[in-house]
1. Across the range 215-225, what is the total count of residues that are under 25 Å from residue 34 (Cβ atoms), in contact with a helix residue (DSSP H, G or I) (Cβ under 7 Å, 6 or more places away or on another chain) and surrounded by fewer than 24 Cβ atoms within 10 Å (Cβ to Cβ)?
2. Could you please let me know if residue 206 is touching a strand residue (DSSP E or B) at 6+ places or on another chain (Cβ under 6 Å), over 13 Å from residue 112 (Cβ atoms) and at pLDDT 95 or above?
3. What residue, among those in the range 137-169 that are touching a residue at least 60 places away in the same chain (Cβ under 8 Å) and within 26 Å of residue 301 (Cα to Cα), is nearest to the chain's Cα centre (by Cα)?
4. Looking only at the range 44-65, decide whether some residue is farther than 24 Å from residue 178 by Cβ, out of contact with any strand residue (DSSP E or B) (no Cβ under 7 Å at 6 or more places or on another chain), modelled with pLDDT under 95 and surrounded by 12 or more Cβ atoms within 10 Å (Cβ to Cβ).
5. Which condition number in (1) in contact with a strand residue (DSSP E or B) (Cβ under 7 Å, 6 or more places away or on another chain); (2) under 26 Å from residue 26 (Cβ atoms); (3) surrounded by fewer than 16 Cβ atoms within 10 Å (Cβ to Cβ) is the one that residue 296 fails?
6. Looking at (1) modelled with pLDDT of 95 or more; (2) over 26 Å from residue 33 (Cβ atoms); (3) in contact with a helix residue (DSSP H, G or I) (Cβ under 8 Å, 6 or more places away or on another chain), find the lone condition where residue 261 falls short.
7. Only one of (1) surrounded by fewer than 17 Cβ atoms within 10 Å (Cβ to Cβ); (2) within 13 Å of the chain's Cα centre (by Cα) is not met by residue 290, so which one is it?
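The values are calculated or read from the model by the stated rules, or taken from the named source; none is laboratory data. Because the structure is a prediction, the values reported are computed rather than measured. Every residue, glycine as well, gets a Cβ built from its backbone with ideal geometry; the counts of neighbours run over all protein chains shown.
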């Protein structure tokens with residue numbers, strides 16, 4: 001998909017640890033350092049992907065896997081780590097990610113692909129943006145309409161037939177890893193962005209410290225819903241092939257404590273809230289030292305003017 005490599009098997013016989021979709025799954029990895037993509041092979045047929053979401057968090061009641069002891073420990077940790085997050089700058093990172101790093105961009109017309117609960121679009125609308133969203137989930141669309149009054153649709157991007165150069169910005173927050181044809185989606189994004197417009201994409205980072213630590217138990221793999229997981233180089237490459245110019249690439253750690261917690265729980269059957277927060281700050285420090293090992297990968301790219 002990115003560099004057309006056949007790849008090698010990275011993990012085999014994986015099951016859906018978190019939401020119980022049936023089947024066993026294989027992940028392959030590109031061996032080229034300029035790509036590093038991991039992908040599901042074979043992947044579900046596009047017309048059967050909905051089956052993998054029957055018990056997903058967008059369709060089911062929310063559950064909290066933390067014990068009361070863990071909840072208490074998390075509150076105690078927050079007393080220590082929240083002030084520390086402001087001292088280190090992680091809190092600023094978290095705040096900017098809430099706006100997908102568009103907080104310093106003049107408001108215009110914004111499209112979010114995969115808007116989920118609609119909170120981001122609502123936040124951006126309050127910040128002066130004219131917002132619109134599309135999602136595959138009809139239930140999410142109804143919730144976003146009813147709760148926030150947003151202009152949202154249950155649709156594929158190509159079916160919307162937006163005019164050329166219609167949007168000033170496009171956002172995909174933890175969406176591109178779910179797409180069966182991400183390259184085709186990016187081509188359409190390029191067409192409907194104005195010259196000088198921006199696309200902001202966040203997705204799990206396959207080169208993250210948490211993946212290196214937990215391997216096949218890393219929460220970011222999530223077969224069969226994550227059809228591909230990008231490295232920083234791989235996401236840059238597919239954007240550049242589409243015609244985009246890379247504005248910035250960074251990896252982020254502001255929400256990685258939860259990933260460490262559930263990944264350790266899946267691998268070991270137990271986990272530590274304190275250890276999860278500690279690893280989050282270790283990861284953040286490594287990122288500050290120039291290592292691209294953050295849990296989340298963020299790439300902002302521009303359509304040349």
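1. Residues that pass the stated criteria total 1.
2. Working: touching a strand residue (DSSP E or B) at 6+ places or on another chain (Cβ under 6 Å): yes; over 13 Å from residue 112 (Cβ atoms): yes; at pLDDT 95 or above: yes.
Considered against the rule, which asks whether it is touching a strand residue (DSSP E or B) at 6+ places or on another chain (Cβ under 6 Å), over 13 Å from residue 112 (Cβ atoms) and at pLDDT 95 or above, residue 206 comes out as yes.
3. 169
4. Taking the range 44-65 as the starting set, the residues that turn out to be farther than 24 Å from residue 178 by Cβ are none.
No, that holds for no residue.
5. Against the list (1) in contact with a strand residue (DSSP E or B) (Cβ under 7 Å, 6 or more places away or on another chain); (2) under 26 Å from residue 26 (Cβ atoms); (3) surrounded by fewer than 16 Cβ atoms within 10 Å (Cβ to Cβ), residue 296 comes up short only on (3).
6. (1)
7. So residue 290 meets the others, but not (2).
Let's see how each residue does on (1) under 30 Å from residue 273 (Cα atoms); (2) modelled with pLDDT under 95; (3) crowded, with 16+ Cβ neighbours inside 10 Å; (4) touching a helix residue (DSSP H, G or I) at 6+ places or on another chain (Cβ under 6 Å):
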position: 89; (1), (2), (3), (4): yes, yes, no, no
position: 97; (1), (2), (3), (4): yes, no, yes, no
position: 102; (1), (2), (3), (4): no, no, yes, no
position: 127; (1), (2), (3), (4): no, no, no, no
position: 137; (1), (2), (3), (4): no, yes, yes, no
